[in-house]
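Undergrad: Have a look at the structure that comes next, please.
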Amino acid sequence: MSFDFDFHSPEEEIQFPLFKKKDLRVFLKRDDLIHPFISGNKWRKLKYQLLKAQEHNKHRLITFGGAWSNHLLAVACAGAKFGFKTVGFVRGEEISNPVLSMCKLYGMQLHFVSREAYKHKESLFEQHYATPDDLFVDEGGYGLEAVKGCADLVSELTASYDHIFVACGTGATVAGILKGVQERDLRTRVHGVPVLKGGDFIREQVEQLEVDTAELSLHLDYHFGGYAKIKETLVEFVRYFVSSTGVMIEPTYTGKTCFALFDMIRKDTFAPGDRILLVHTGGLTGFLGMYHAFDQ
Ligand SMILES: *Cc1c(COP(=O)(O)O)cnc(C)c1O
């Protein structure tokens, strides 16, 4: 299989007057540049699952997500690229949107299931697809392979950082980054910004993946009301960030994470001279689900 395991996304410094004033340097790990549709952390989370699928002679990937899921799109595209059939269970009533259309374009078969049925992912898999051909891929790519793939991010780094910031949905990405930092004995502090309300559950999610959380800081106050919820201050911030850097971000993940970082910098959370890396986890098609909020 012709994976480009060696693609290292660049680390790119961004400049804002605030950083200068506080004597900090801030860099983006541009995982959004890995691939337009197998985007960012979704590629990192999938790559070892794809190898496992190939090793175990699986020909079909069965997975799960919401109607704007970056993970569904990543699986659909990766399936087409690497020769797997793909099936996506979509949470909620049947709708159409650009992300689901792209999933179908890549050949993914979609099943819309009620929120209740969606909670029982294993039984959906068992009932419909558990042939030896099929590989269950959890929602968001969550699992031990994801941790391994995201730990690779740390081994790619070309410089050292005092802090790494990343958005958390299931917690698999931050788990992998933590693991990478621990494996290399770095003194880097890892910061997770949960994008859901009540994000403290991320700590358990990380521990379930067998990663120690003593070095993890979670910042629980930047969810803006919950998953995919936005507020005018976040919209204004994203507008300011994108128009000042030329780097596109979406509000659901990287927008909230950047907002958290700027807010903490304003509150003097960091020591002068600190170097901070923020992971741009990609997923830019998420913007299409909320462009109306920016349409003024
Ligand atoms: C899925 C996703 C995340 C969350 O990653 P987890 O590993 O589930 O915590 C962060 N950013 C983007 C852009 C995503 O699509």
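Undergrad: Within segment 16-39, restricting attention to residues that are away from the ligand (no atom under 16 Å from the Cβ) and not in a loop (DSSP other than H, G, I, E, B), which residue is nearest to the chain's Cα centre (by Cα)? Step through it out loud before you land on a result.
TA: From segment 16-39, those away from the ligand (no atom under 16 Å from the Cβ) are 16-27; that's our starting set.
Narrowing further to those that are not in a loop (DSSP other than H, G, I, E, B): 17-21, 25-27.
Values: Pro17: 28, Leu18: 26, Phe19: 25, Lys20: 29, Lys21: 30, Arg25: 23, Val26: 20, Phe27: 18 Å.
This residue is Phe27.
Undergrad: When the residues of segment 123-140 are filtered to those that are of a type in the set (Phe, Trp, Tyr) and in a helix (DSSP H, G or I), which remaining residue is surrounded by the most Cβ atoms within 10 Å (Cβ to Cβ)?
TA: Phe125
Undergrad: For segment 260-275, name all the residues that are in contact (Cβ under 8 Å) with a residue 60 or more places away in the chain, more than 16 Å from the ligand (Cβ to nearest atom) and out of contact with any Asp or Glu (no Cβ under 9 Å at 6 or more places or on another chain).
TA: Matches in segment 260-275: Phe262, Ile265, Arg266, Asp268.
Undergrad: Can you name every residue in segment 181-208 that is assigned to a loop (DSSP other than H, G, I, E, B) and either on the phi > 0 side of the Ramachandran plot or out of contact with any Phe, Trp or Tyr (no Cβ under 8 Å at 6 or more places or on another chain) (or both)?
TA: Taking segment 181-208 as the starting set, the residues that turn out to be assigned to a loop (DSSP other than H, G, I, E, B) are 184-188, 195-200.
Within segment 181-208, Arg184, Asp185, Leu186, Arg187, Gly198, Gly199, Asp200 qualify.
Undergrad: Going through Thr252, Thr281 one at a time, which residue ends up being within 17 Å of Arg30 (Cβ to Cβ), of a type in the set (Val, Ile, Thr) and surrounded by 19 or more Cβ atoms within 10 Å (Cβ to Cβ)?
TA: Of Thr252, Thr281, the one residue that is within 17 Å of Arg30 (Cβ to Cβ), of a type in the set (Val, Ile, Thr) and surrounded by 19 or more Cβ atoms within 10 Å (Cβ to Cβ) is Thr281.
Undergrad: Sticking with this one: Hey, Leu105 hits all of (1) surrounded by 15 or more Cβ atoms within 10 Å (Cβ to Cβ); (2) over 30 Å from Ala260 (Cα atoms); (3) of a type in the set (A, V, I, L, M, F, W, C) but one; which does it fall short on?
TA: Of the numbered conditions (1) surrounded by 15 or more Cβ atoms within 10 Å (Cβ to Cβ); (2) over 30 Å from Ala260 (Cα atoms); (3) of a type in the set (A, V, I, L, M, F, W, C), the odd one out for Leu105 is (1).
Undergrad: Have a look at Thr252, Thr257 and point out the one that is of a type outside the set (A, V, I, L, M), within 11 Å of the ligand (Cβ to nearest atom), touching a helix residue (DSSP H, G or I) at 6+ places or on another chain (Cβ under 6 Å) and in a helix (DSSP H, G or I).
TA: Thr252 is the lone residue from the list that is of a type outside the set (A, V, I, L, M), within 11 Å of the ligand (Cβ to nearest atom), touching a helix residue (DSSP H, G or I) at 6+ places or on another chain (Cβ under 6 Å) and in a helix (DSSP H, G or I).
Undergrad: Please count how many residues of segment 40-67 are surrounded by fewer than 24 Cβ atoms within 10 Å (Cβ to Cβ) and within 12 Å of the chain's Cα centre (by Cα).
TA: Here the count works out to 0.
Undergrad: If you don't mind, another one. Which residues, taken from segment 237-249, are crowded, with 23+ Cβ neighbours inside 10 Å and either within 12 Å of the ligand (Cβ to nearest atom) or under 17 Å from Gly192 (Cβ atoms) (or both)?
TA: Scanning segment 237-249 gives a single hit, Ile249.
Undergrad: Moving to a separate point now. Condition first: among the aromatic types (Phe, Trp, Tyr) and touching a strand residue (DSSP E or B) at 6+ places or on another chain (Cβ under 7 Å). Now tell me which residues in segment 17-59 satisfy that.
TA: Phe19, Phe27
Undergrad: Also: Return the residue satisfying two criteria in turn: it lies in segment 185-230 and is within 20 Å of Ser155 (Cβ to Cβ) and away from the ligand (no atom under 14 Å from the Cβ), and of such residues it is surrounded by the fewest Cβ atoms within 10 Å (Cβ to Cβ). Show your work before the answer.
TA: The initial filter retains those residues of segment 185-230 that are within 20 Å of Ser155 (Cβ to Cβ), namely 185-192, 206, 209-212, 215-216.
In the following step, the residues that additionally are away from the ligand (no atom under 14 Å from the Cβ) were identified as 185-189, 210, 212, 215.
Working: Asp185: 6, Leu186: 17, Arg187: 9, Thr188: 22, Arg189: 17, Glu210: 10, Asp212: 12, Glu215: 14.
Taking the candidates together, the pick is Asp185.
Undergrad: Does Leu72 qualify as being within 21 Å of the chain's Cα centre (by Cα), within 13 Å of the ligand (Cβ to nearest atom) and farther than 16 Å from Asp31 by Cβ?
TA: So Leu72 passes the test.
Undergrad: While we're looking at this one, here's another question. Does Thr86 satisfy the condition of being polar (S, T, N, Q) and either modelled with pLDDT under 95 or within 16 Å of the chain's Cα centre (by Cα) (or both)?
TA: The answer is no for Thr86.
Undergrad: Taking segment 138-167 only, how many residues are within 15 Å of the ligand (Cβ to nearest atom) and either at negative phi or free of Cβ contacts under 8 Å to residues at least 60 places away in the same chain (or both)? Reasoning before the result, please.
TA: Let us first name the residues in segment 138-167 that are within 15 Å of the ligand (Cβ to nearest atom), namely 138-154, 164-167.
With the extra rule that they be either at negative phi or free of Cβ contacts under 8 Å to residues at least 60 places away in the same chain (or both), the set shrinks to 138-139, 142, 144-154, 164-167.
Qualifying residue count, segment 138-167: 18.
Undergrad: Does segment 168-180 contain at least one residue that is part of a loop (DSSP other than H, G, I, E, B), more than 10 Å from the ligand (Cβ to nearest atom) and either under 28 Å from Ala76 (Cα atoms) or at pLDDT 95 or above (or both)?
TA: Checked segment 168-180: no residue is part of a loop (DSSP other than H, G, I, E, B), more than 10 Å from the ligand (Cβ to nearest atom) and either under 28 Å from Ala76 (Cα atoms) or at pLDDT 95 or above (or both).
Undergrad: So, in segment 276-294, of the ones that are modelled with pLDDT of 95 or more and more than 10 Å from the ligand (Cβ to nearest atom), which residue ends up farthest from Leu100 (Cα to Cα)?
TA: Ranking the qualifying residues of segment 276-294, first place goes to Ile276.
Undergrad: Related question: Checking Glu126 against (1) without any contact (Cβ under 8 Å) to a residue 24 or more places away in the chain; (2) within 16 Å of the ligand (Cβ to nearest atom), which single condition isn't satisfied?
TA: (2)
The values are calculated or read from the model by the stated rules, or taken from the named source; none is laboratory data. Keep in mind that what you see is a predicted model, and the values were worked out from it rather than measured. So basically every Cβ, Gly included, is an ideal-geometry build from the backbone, and we count neighbours across all protein chains shown.
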